[in-house]
Amino acid sequence: MDTTPNPPTNEPARPSGPSPVATVSRSTSGDLPDERPTALSATALRCRYGAFEAVRGIDLTVRRGETFALLGTNGAGKTTTLETLEGHRAPDGGDVEVLGLDPHAERRTLAARIGLMLQTSGLPGDLTPREVLELWRRLTPEASDHLDATDALTRVELDHRAEVRIRQLSGGERRRLDLALALVNDPELIFLDEPTTGMDPQARERTWQILRDLRVEGVTILLTTHYLEEAEALADRLAIMHAGALATTGTLTEVIASQPATITARLSADAPELPDLDGDIRWAGDHRLAITTRRLQQDLTGLLVWARTHGQRLDELQATDASLTQVFHDIAGAPLATAPGDGTRREHR
Ligand code: ATP
């Protein structure tokens, strides 16, 4: 698989230049040509816990050097998917391949080439970061090029805490130690399960910078996160998972293109009839107007021209492009259009 085809719209793609309204901080379309080799793939992947099917036939491809974010509702199946790609569990259906290997059957070979940051690491509190890193390096002797413990700690800005007992580290420092462990074998690919959970905004921003630097070095990153802004800040492409299926996949621009923009304003009580607009017009109390539209620029222009022509004020005027939050809520709040278990993607309205 690759990107989900965009649902048809009746408007040409929005230009990438400045627009009157912008909620997308970074457009990643086209950053990664499709010719890049595949780092990992899942095809029709299914995972079960007893009779319960947690992952329902997903297709996923991450290319070399790409940062890919897997978002989703609680219990969507993100960790189960990651665990399967990491080789910790065998698929119950479908195929997975990571760096050209079967991650379960060839787990030991793969372990030397990948880094893992689990959701909870459970490191022994009596050891120090340096001791844990030294131990970890001894456990992966096949790794081609080890960072030493000091280098790994410096990389995550934790070198000054090298000799402190782990139980004395803050939650954010422990997460950075987990990241150092993922990096110590100089991996080609890292799996990060909620890497910045528990970090304050400053620590999160510093961690993002470390991940951006790794991307520049060509490291492939697959991360799960509940922070939409994390996916917006880091990911070349992302997917949103819901109830065991991938609801949408693509670049940020592609994913939010499925949603309409919104114009809101408050009009005077004696406002004349509105012009003919492309979007859907709704009225709330107090003469409040909300227009949902796939032609933001055209409808906003139409409204402004109407207001000038009729000498009307548009109080509290706001024009908001679609956002990842909107897409997420749309997916999380709606039942899947497909029958449970068939794993097919759901079409956006
Ligand atoms: P979260 O965002 O809450 O961490 P997730 O998307 O990572 O969730 P998973 O942890 O993969 O989701 O879980 C997917 C589903 O499988 C959930 O319904 C969960 O309750 C169930 N599940 C996970 N582990 C087990 C297990 N060991 N036994 C039975 N069910 C499990």
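Each reported figure results from applying straightforward, stated rules to the coordinates on display, with no laboratory input. The model shown is predicted, which means the values in this text are computed figures rather than measured ones. Cβ coordinates were reconstructed from backbone atoms using ideal geometry, including for glycine residues, and neighbour counts include every protein chain displayed.
Whole angstrom only: what separates the Cα centroid of the stretch 34-95 from the Cα centroid of the stretch 230-259? Between the Cα centre of the stretch 34-95 and that of the stretch 230-259, the gap is 15 Å.
One equal scatterer on each Cα of the stretch 190-289, no solvent, Debye formula: the resulting log10 I(q)/I(0) at q = 0.13 Å⁻¹ is -0.67. Evaluated at q = 0.13, 0.24, 0.26, 0.30 Å⁻¹, a Debye calculation over the C-alpha positions of the stretch 261-321 (equal weights, vacuum) places log10 I(q)/I(0) at -0.27, -1.01, -1.20, -1.57.
Distant-in-sequence amide contacts of A247, defined by a placed amide H-H separation under 5 Å and a gap of 5 or more residues or a different chain, comprise I240, M241, H242. For V55, the residues 5 or more places off, or on other chains, whose built amide H falls under 5 Å of its own are C47. Going from the residue with the fewest nearby Cβ atoms within 10 Å to the one with the most, Y49, Y227 rank Y49, Y227. Site pair D200 and R167 shows an inter-label distance of 2.4 nm when each label is modelled 7 Å from Cα along Cα→Cβ.
Taken one residue at a time, the phi angles of the stretch 165-177 give Karplus couplings (6.51, -1.76, 1.60, θ = phi - 60°) of 5, 4, 5, 8, 6, 6, x, x, 5, 5, 4, 5, 5 Hz. Gly and Pro are set to x.
Taking amide H positions as modeled 1.01 Å from N, with prolines and chain starts lacking one, the residues under 5 Å from G93 and 5 or more places away or on another chain are R46. Couplings 3J(HN,Hα) for the stretch 188-205, derived from phi with the Karplus relation 6.51 cos²θ - 1.76 cosθ + 1.60 (θ = phi - 60°), are 7, 9, 10, 9, 10, 9, 6, x, 10, 4, x, 8, 6, x, 5, 5, 4, 4 Hz, where x marks Gly and Pro.
Sequence-ordered 3J(HN,Hα) estimates for the stretch 250-259 from the Karplus curve with 6.51, -1.76 and 1.60 and θ = phi - 60° stand at x, 6, 4, 4, 5, 5, 7, 5, 6, 10 Hz, glycine and proline given as x.
Taking the number of Cβ atoms within 10 Å of each Cβ as an exposure proxy, the fewest-first ranking of W283, W136 is W283, W136.
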